[in-house]
1. What is the number of the single condition among (1) farther than 20 Å from B:Val280 by Cα; (2) assigned to a loop (DSSP other than H, G, I, E, B); (3) within 12 Å of chain A (Cβ to nearest Cβ) that B:Gly12 does not meet?
2. Going through A:Val132, A:Val160 one at a time, which residue ends up being under 30 Å from B:Thr270 (Cβ atoms) and without any contact (Cβ under 8 Å) to a residue 12 or more places away in the chain?
3. Quick one: would you say B:Phe256 is at the interface with chain A (Cβ under 9 Å from one of its Cβ atoms) and among the hydrophobic types (A, V, I, L, M, F, W, C)?
4. Taking the stated definitions as given, is A:Ser127 within 14 Å of chain B (Cβ to nearest Cβ), among the hydroxyl-bearing types (Ser, Thr, Tyr), part of a helix (DSSP H, G or I) and under 24 Å from B:Gly15 (Cα atoms)?
5. Just a yes or no: is a residue in segment A:76-96 of a type in the set (Phe, Trp, Tyr), surrounded by fewer than 21 Cβ atoms within 10 Å (Cβ to Cβ), more than 14 Å from chain B (Cβ to nearest Cβ) and out of contact with any strand residue (DSSP E or B) (no Cβ under 8 Å at 6 or more places or on another chain)?
6. Looking only at segment A:263-290, which residues are modelled with pLDDT under 85 and among the hydrophobic types (A, V, I, L, M, F, W, C)?
7. Tell me, yes or no, whether segment B:31-42 has at least one residue that is within 13 Å of another protein chain (Cβ to nearest Cβ) and either aliphatic (A, V, I, L, M) or under 30 Å from B:Leu297 (Cβ atoms) (or both).
8. For segment B:76-91, give me each residue that is part of a helix (DSSP H, G or I) and touching a helix residue (DSSP H, G or I) at 6+ places or on another chain (Cβ under 7 Å).
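The values are calculated or read from the model by the stated rules, or taken from the named source; none is laboratory data. Not measured: the values here are computed from a predicted model. Methodologically, a virtual Cβ is constructed for each residue, glycine included, from the backbone with ideal geometry; neighbour enumeration extends over all protein chains shown.
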Amino acid sequence: MTVNVAEGLVTRTALAAPKAKSGIAFRPAVWLSAVFLLLVVAWAVVPDAFTSESPFDTDVDAAIQAPSLQYWFGTDASGRDIYTRVVFGARSSLLIGVGATALALVAAILFGFAAGLGGRLTDGAVSRFLEVVLALPGLLLALIFIAMLGPGVATEILAVAIGSAAGYAWMVRGQVIAVRNSGYVHAATALGHTRSRIIVRHVFPNAMRPLVVLATMGVGQSIVWASSLSFLGLGVAPPAPEWGAMLDAGRDFVSTAWWLELFPGLAIVGCTLAVTVLGRHLQQRIEGRLA
Amino acid sequence: MTARRVLARLAGVVGVLWGAATLTFIIEQLMPTDPAQTILGGAGSKPTPEQLAAVRVQYGFDQPVLLQYLRYLGGILRGDLGTSYIRKQPVAEIIGQQLGSTLTLTATALVGAWIIAVVVTLLTAHRSRALAALGSGLETLLAALPQYWLGIVLLVVFAFTLHWLPVVGDGGPEGLVLPALTLALPLAGFLGQVTRDEFSSAMEQPFAVSARARGMSDFGVRWRHALRHAVLPGLTLSGWALGSLFSTAVIVEAVFVRPGLGRVLVDAVTSQDMPVVVGVTLFVATIYVVANLLVNLAFGRIDPRLRSAAH
């Protein structure tokens with residue numbers, strides 16, 4: 001086992017070194033993703049800096065206007081400016097996406113570490129529980145909780161978190177077990193370090209590293225899920241600017257006013273893509289450093 | 001795979017489903033709303049205490065929780081998933097009525113996703129840098145597309161603008177194209193990512209090199225040798241894919257206003273019709289778990305390496 005790991009490391013260093021270098025080199029997709037995400041974060045933090053309109057102001061005379069110089073992304077049936085609503089929508093979409101992912105990861109770390117570090121009995125119990133939860137597809141699990149608690153933003157965050165937590169927990173458990181059986185943990189044990197010190201100094205940081213990637217990509221996944229729920233009318237309620245809810249509201253006009261569907265959708269797809277590209281990049285960087 | 005192992009797997013599946021049924025029962029018990037109120041018309045209605053009490057007796061809500069649980073489990077074993085609070089119709093019957101439509105959609109999507117993934121892999125994997133980057137970029141894009149938005153874009157382009165396909169299907173095959181494509185494209189992106197890596201490494205394997213040395217054409221090596229290896233890890237995900245298709249069908253059915261399990265589920269979630277929510281969820285979970293079991297058993301036979309890896 002130890003020999004294999006060492007061999008693997010040697011070949012990996014030999015093969016991965018040039019790869020890691022090219023990973024640091026200029027990559028347009030990575031830069032584009034970073035810039036786009038920064039823009040979305042800026043929308044979420046200071047939406048007023050990007051638009052002088054209000055996302056709620058209606059103007060019946062300006063209803064259903066195609067994109068123009070005045071209305072960059074067009075207007076909706078109540079004459080609200082779509083660009084303004086997309087900008088203001090960033091806050092709730094990001095909050096829900098990041099909140100749900102954070103909640104899911106905290107639960108996953110608790111369960112994953114309990115299973116990975118606890119005895120056979122704890123591991124067995126947690127693993128069986130995770131298997132049961134994983135048998136229920138995530139979206140359906142989220143729907144059950146919405147049926148139970150009624151729709152709303154808090155429910156949406158909770159539902160998305162619950163829907164994705166079990167999958168993360170399973171990965172954390174695997175990671176903890178892999179680290180626990182690694183050479184450096186055996187070495188630390190042989191050196192007489194205490195169990196708690198080994199867990200804090202070795203197991204935790206090393207098991208957490210791959211989670212950085214998981215968390216990054218998870219935010220994209222959560223944004224899509226949350227907007228799906230809003231789209232089904234089970235999340236953020238209509239007047240609030242939220243990308244999924246905007247898509248749902250625009251559905252009735254889809255044959256005439258394509259801009260109602262295009263721009264909020266592009267915002268969601270842009271976020272997911274950017275997060276995926278950045279996550280992959282991070283993954284390569286982390287793997288390069290490990291080798 | 002010995003009969004004993006098959007039995008052990010089967011027992012595992014039954015255990016997981018029992019756990020899922022128990023979990024959903026606990027969730028139902030934790031409902032903050034009164035089911036008797038839901039049955040008598042929801043939050044807006046004002047039933048008399050006598051009516052509420054009568055409904056509680058009729059549905060057995062007045063009995064001890066343990067007894068309710070055993071009756072619930074017993075019902076599931078007999079294929080009885082309870083009665084809808086709103087439609088007052090057995091849940092199993094509702095599922096039976098809606099299953100055909102959803103099954104047609106998901107099966108078409110699964111086949112479509114594989115065709116797209118295989119074609120993209122054959123054309124772009126292990127080719128020149130630019131072509132490979134194009135293929136892998138396409139897969140990343142497809143995998144990132146949210147189904148509801150993809151569905152709307154396809155509707156706008158192919159139904160409203162080009163008028164090639166109907167907006168709302170009348171049950172004919174034309175009406176199935178856009179919903180199935182909406183489900184298939186993101187899955188194809190995901191499957192393609194898995195297939196591509198495997199395909200590239202298979203093309204470097206000695207058997208591929210020797211096939212080419214024997215004078216086999218590049219397409220022949222791709223089609224006859226590399227593809228078989230590349231498709232295998234993706235196929236082992238078929239159980240997972242089927243489960244995920246069943247749950248994303250919820251969204252697609254809403255976009256295309258198609259009847260099916262998903263529509264029933266969303267309506268039930270909105271009206272807190274828990275027997276339907278739980279029934280449909282357990283049904284999908286069963287399909288998911290059983291499909292995974294079958295895939296595991298079947299692939300242990302096809303690829304001996306999986307057997308040795310698993311045990």
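1. Of everything listed in (1) farther than 20 Å from B:Val280 by Cα; (2) assigned to a loop (DSSP other than H, G, I, E, B); (3) within 12 Å of chain A (Cβ to nearest Cβ), B:Gly12 misses just condition (2).
2. None of the other options fit; the residue is A:Val132.
3. Judged against the criteria, B:Phe256 is not a match.
4. Spelling it out, A:Ser127 is indeed within 14 Å of chain B (Cβ to nearest Cβ), among the hydroxyl-bearing types (Ser, Thr, Tyr), part of a helix (DSSP H, G or I) and under 24 Å from B:Gly15 (Cα atoms).
5. Looking through segment A:76-96, at least one residue is of a type in the set (Phe, Trp, Tyr), surrounded by fewer than 21 Cβ atoms within 10 Å (Cβ to Cβ), more than 14 Å from chain B (Cβ to nearest Cβ) and out of contact with any strand residue (DSSP E or B) (no Cβ under 8 Å at 6 or more places or on another chain).
6. A:Leu282, A:Ile286, A:Leu290
7. Within segment B:31-42, one or more residues are within 13 Å of another protein chain (Cβ to nearest Cβ) and either aliphatic (A, V, I, L, M) or under 30 Å from B:Leu297 (Cβ atoms) (or both).
8. Passing the criteria: B:Ile76, B:Val91.
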